[in-house]
Amino acid sequence: MECVSFGPLYSKKAKVLILGSMPSVVSLRMQQYYAHPRNAFWPILFTYFDEPVSEAYEDRKQLILTHEIALWDVLSCCEREGSMDTAIRNPKANDLDALLSECPGIRTILLNGSKAYEQYRKNFSHAHSVLRLPSTSPAMTMPFSEKFTIWKNALDTAFEKGEEIK
């Protein structure tokens, strides 16, 4: 089945870009980033910014925009049965250069999971700090507390609250 991602969520003031690989079947059907109810992405971000977790997508989008984050996927389309990254075939990359030129303040790129990292490294070589993070997908069976700690450290660094990303 062909999967086609949706456009980026960003403001031109973005400082951090978070990239997934390709939205899940649930996300594509709902046309919402990280729509699967067990995905840890939104709980991680709301917790990090010390805000109550909201199920409303408008609140979720506002969280991203308020905190100067851009959100997109490395891939624009691929063939995939189901939602697993391991099932991705014939991937085609998004035009990240265009997004980065729209958002010149982005200095850090956080990659949500191994497939996003692999496809980013295969298709791009930007002069940004780049960090691979554990996937927020429920398929990544790391406890929430561990995922949150790793994401918190990366976000602290990205927002210059911690050590520099290597």
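Please treat every number below as a calculation from the coordinates, not as lab data. Nothing here was measured: the structure is a model prediction, and the numbers come from that model. Glycine gets a Cβ as well: all are built from the backbone with ideal geometry, and neighbour counts include every protein chain shown.
Annotations for the structure displayed:
- You can think of it this way: the chain between residue 57 and residue 149 has 30.7 nm of extra reach, that is 0.36 nm per residue less the Cα-Cα gap.
- Placed amide H near residue 136: partners under 5 Å, 5+ positions off or other chain: none
- In whole angstrom, the chain maps to an equivalent ellipsoid with semi-axes of 22, 19, 16, each derived as √(5λ) from the alpha carbon gyration tensor and ordered largest first.
- Cross-link table 15/152; 13/122; 92/147, entries beyond 25 Å C-alpha to C-alpha: 13/122; 92/147
- Amide H partners (placed H, <5 Å) of residue 77, local residues excluded: 5, 92
- Sites excluded, GluC sites (Glu not before Pro) in DSSP loops with at most 13 other C-beta within 10 Å, longest stretch of the chain: 82-159
- Alpha-carbon geometry of segment 116-158: the Rg and the Dmax are 12.0, 32 Å, given in that order.
- Kirkwood Rh in Å, taken over all unlike Cα pairs in segment 31-117: 14.7
- Entry note, the chain: relative contact order of 29 percent, from Cα contacts under 8 Å with a spacing of 6+ residues.
- Selected from 47, 151, 127, residue furthest toward positive end of dipole (segment 11-166; charges at beta carbon): 127
- Approximate shape of segment 72-166 as ellipsoid semi-axes (Cα gyration tensor, √5λ), whole Å, largest first: 23, 20, 9
- Principal axis dimensions, segment 23-67 - Cα atoms, whole angstrom, descending: 29, 18, 14
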